[in-house]
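Bear in mind these aren't lab numbers, they're just calculated from the coordinates by the rules spelled out. Predicted model, so just to flag it, every value in this text is computed and none were measured. As a convention, Cβ positions derive from the backbone with ideal geometry for all residues, glycine included, and neighbour counts pool all protein chains shown.
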Amino acid sequence: MTSTAVVYGVSELSTTNYAVACEARAGLTQTPKTLSPWLFYDEVGSDLFEQITTVPEYYLTRTERALFEAHSATIFSEMGVIASEPSEAKQPVELRNGLTVVELGAGTATKTGVLLRALALRQPKVVYQPIDVSVSALDQAKILETQIAGVSVRPYVANYVSDEYQIERTRRTRVLALYIGSSIGNFAPDEACSILRRLSAQLKPGDGLLLGTDLAPGPHKPVEELCAAYDDAQGVTAAFNLNVLVRLNRELGANFVAAKFEHVAVWNPGKSRIEMHLRSLAPQTVTIPENAAGPSIAIHFRAGETIHTENSYKFTENRVAELLSSSGFHPSATFTDGQGLFALTLARVL
């Protein structure tokens, strides 16, 4: 099967540097200093994140993948897709309620392949629309066409947080939207609700959302284990965090010296979130030259001052239900692992 061309949304390549410049200017001139986590995902950052998912401390990916493998049949049954008999698995028949799969923040979609393989056994053609800001990641996601018979990948480049995007719905199918990997945890509660409301506004009654959320610390999940997932012994997460400075140097001509900053990951119990920061190791001044977003700026750092680069909120099952209900979704099934590390929640549009 030939690959489908990438579709560009508002975040076309010609506007990417301008968006980076605007974000850097806004975030680094405020107090406290911040950078949005979408800046992580240039080509190098996307590759580093894939490496993070394989380190021993990062339980999220392998736990969510195991939940996909254990519960995909139930998820698709809940969405009205009838499982084929074992003897029919290699020759699925047309079904009345097929699914089109859409994914926000898809990245390379490596893990999503588990769900797409299971769905391809139940319907002969599967349209999969990954939406992501990273062109290089979507190029890798397109490989799924060659790995899973019957799957057509239709990549869409957009920042789903700030850009308009269009969900592709094939004829006589429902849509199952995936928002997995606990990506929703990168956003403050009001932002998370806004993202899900924008999604639900494009869906129809009977469509669904599969939401992956990392669960808050509990009896079988100590805070130390949680923090280690964001500060692995190999230093991959540290490299991922520091790469954002390398990106600003490359794309904006800034003069950050990455060695003068260190990666920090801390648990904020009051807000139930892991916070990632880049901490300045000494007093220093960094310059970003004049660009389309504005004149040259000098950014001063005190020793110990940080740039807040990412939050990762952790959820209870009740909090997930509240978020979904306030965003236009009705939770219908929840799947968790035996240790209470991670949850998948299937929700429907009524």
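Here are the numbers:
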item: Rounded if a/c under 1.5, otherwise prolate or oblate - region 242-350, Cα gyration tensor axes; result: prolate
item: Residue exposure sequence - 287, 334 - by fewest surrounding Cβ within 10 Å; result: 287, 334
item: Projected area averaged over orientations for region 20-78, convex hull of C-alpha atoms, nm²; result: 6.8 nm²
item: Tilt relative to the chain, helix 189-202 - C-alpha long axis, 0 to 90 degrees, to 10; result: 40 degrees
item: 10 Å Cβ shell holding at most 14 others, DSSP loop, trypsin sites (Lys or Arg not before Pro): longest site-free stretch of the chain; result: 173-270
item: Using alpha-carbon coordinates, inclination of helix 59-78 to the longest axis of the chain, degrees; result: 30 degrees
item: Neighbour-count order for 69, 164, 310, fewest beta carbons within 10 angstrom listed first; result: 164, 69, 310
item: Anchor residue 142: lysines whose Cα lies under 22 Å away (excluding residues fewer than 8 positions away in-chain); result: 111, 125
item: Positive-pole candidate from 37, 201, 311, dipole of the chain, charges at beta carbon; result: 201
item: Proximal lysines relative to residue 33, as straight alpha-carbon distance under 24 Å, when same-chain residues fewer than 8 apart are discounted; result: 260, 271, 314
item: The chain: antiparallel DSSP beta bridges as a percent of all, rounded to 5; result: 60 percent
item: Contact order normalised by residue count of the chain, Cα under 8 Å, 6+ apart, percent; result: 21 percent
item: Value in Å of the Kirkwood radius, where region 99-138 supplies the Cα pairs that are averaged; result: 10.6 Å
item: Using alpha-carbon coordinates, inclination of helix 43-52 to the longest axis of the chain, degrees; result: 70 degrees
item: Region 92-175: relative contact order as a whole-number percent, Cα under 8 Å and 6+ apart; result: 37 percent
item: Rounded FRET efficiency, nearest 0.05, which uses the C-beta distance separating residue 266 from residue 339 and R0 of 25 Å; result: 0.65
item: Reachable aspartates and glutamates from residue 221, criterion Cα separation under 14 angstrom, eight or more residues apart if same chain; result: 57, 337
item: For the chain, the fraction of alpha-carbon pairs in successive 20 Å shells from zero, as %; result: 29, 57, 13, 0
